[in-house]
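Have a look at the structure below, then the notes.
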Amino acid sequence: MKKYKYSDLLLDERGIKDLYSKFGINYIDSNRISEYFKYLRKIESLRKSDKSRLRELINNEKAKYYFSQFYVLETCNIINAVKSANVNKDILKEKLTNLVKGTYLLSEENINNTQARNTTFELSLFSFLNTRKLEVKLCSPNPDLQLFTDNFTYNIECKRPSSIKSLEKNIRKALKQLRKTKKGNIIPTMALSLEQAILGDDLILNTKDDKTALLYLNEMMSRFNKDHQYLINKICNDKPCLILYYLSCLTGFMTDLPMANTTYIIGNVYNFEPKLSHKIYCDLNTILPQNEN
């Protein structure tokens, strides 16, 4: 669980603007990331001047309040990661361009404007792995990421099912894409972002401390895995695949200013021969420590 100060978050927009300028991307004031920062500055002003109005604003605009925090926290993590990593500039420019598009609220998203949040997931997973000091590469168009260990190269396709109903469709699409890139010592891997499937449109986990948050996230992920094991076995059939279940959300008291950002990932290995499975599990112990990011 990472906690932040509002003052630090608001200062980070300068670095985001500088990076966009460096790549020749127009960071206009009406893009969704800029709008999130504007809202946080409004919150910070009221926090200092009129706490009564602040409480009223939060009660009336809870979705804007939560989403502004969530995506600013995600974006700051992403920008810090890509600035310190050795990435392909053309691919990074493409993904940074997509990042600022899209809708302010998740409830406003439709099939035609999912690219911004899909890209956010790809870059957030890149940020998570990069923070672990792992060798990870941004790719385009397929796979979305490559992760390199002493044992294997992991080709990772990122999918963001909008609901449990769309889970099967996303897994089948990922498997099809992974078959195109399978060669050599490569482990086909799909990463499933489960925020919407598990938490719906809230992205909020109201817990009292780090330990409670992580225990609850583990319980939710374990329950999801158990409930959908049959479906995933049916879809994968005999096809070998590593599946990473990813969940990132706001955690802490809902009145915290700001709340904290927690990312939790578990991995399941399907249909590899035993020795290969053992090596993958050994890698997972390094890639996915069971603690907060």
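Just so you know, all these numbers are worked out from the coordinates, no wet-lab data involved. Here the structure is a predicted model, which means the values were calculated and not measured. So basically every Cβ, Gly included, is an ideal-geometry build from the backbone, and we count neighbours across all protein chains shown.
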Discussion item. Please compare each pair in LYS38/LYS137; LYS5/LYS62; LYS17/LYS48 to a cut-off of 29 Å on the Cα-Cα distance and tell me which ones are over it.
Written reply: LYS38/LYS137
Worksheet item: Whole-Hz Karplus ³J(HN,Hα) for the stretch 69-77, in order, using 6.51 cos²θ - 1.76 cosθ + 1.60 and θ = phi - 60°, x for Gly and Pro?
Response: 5, 4, 7, 5, 4, 4, 5, 4, 4
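Reported to two decimal places, what Rg/Rh ratio describes the chain when computed on Cα atoms with Rh from the Kirkwood expression?
Ratio of gyration radius to Kirkwood radius: 0.96.
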Fill in: Karplus 3J(HN,Hα) series, Hz, for the stretch 154-162 with 6.51 cos²θ - 1.76 cosθ + 1.60 (x for Gly, Pro)
9, 7, 10, 9, 9, 10, 10, x, 7
Item to complete: Give the distance, in whole Å, between the Cα centre of the stretch 40-59 and the Cα centre of the stretch 173-200.
Response: 41
Item to complete: Take the Cβ-Cβ distance between ARG223 and LEU199 as r, set R0 to 22 Å, and report the resulting FRET efficiency rounded to the nearest 0.05.
Response: 0.95
Worksheet item: Residue by residue through the stretch 233-240, which ³J(HN,Hα) values in whole Hz follow from phi under the Karplus form 6.51 cos²θ - 1.76 cosθ + 1.60 (θ = phi - 60°), with glycine and proline marked x?
Response: 4, 5, 5, 5, 6, 9, 7, x
Worksheet item: Could you name the lysines in cross-link range of LYS211, using Cα to Cα under 19 Å and dropping any fewer than eight places away on the same chain?
Response: LYS2, LYS3
Worksheet item: By the scheme Lys and Arg +1, Asp and Glu -1, what is the net charge of all other residues having a beta-carbon under 12 Å from that of PHE121?
Response: -1
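Which percent, nearest 5, of DSSP beta bridges in the chain are antiparallel? Could the numbers behind the result be given before it?
On the way: 20 of 34 bridges.
Roughly 60 percent of the beta bridges in the chain run antiparallel, per DSSP.
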Worksheet item: Highest GNM mean-square fluctuation, the chain, Cα pairs closer than 10 Å: which of PHE67, PHE152, PHE37?
Response: PHE152
Item to complete: Name the long-range amide H neighbours of GLU157: under 5 Å, sequence gap of 5 or more, or other chain; modelled H, no Pro or chain starts.
Response: ASP144, THR189, MET190, ALA191
Item to complete: For n ≥ 4 DSSP H runs only, could you compute -39500 (n - 2.57) per run for the chain, divide by its residues and tell me the 222 nm figure to the nearest 500?
Response: -17000 deg cm²/dmol
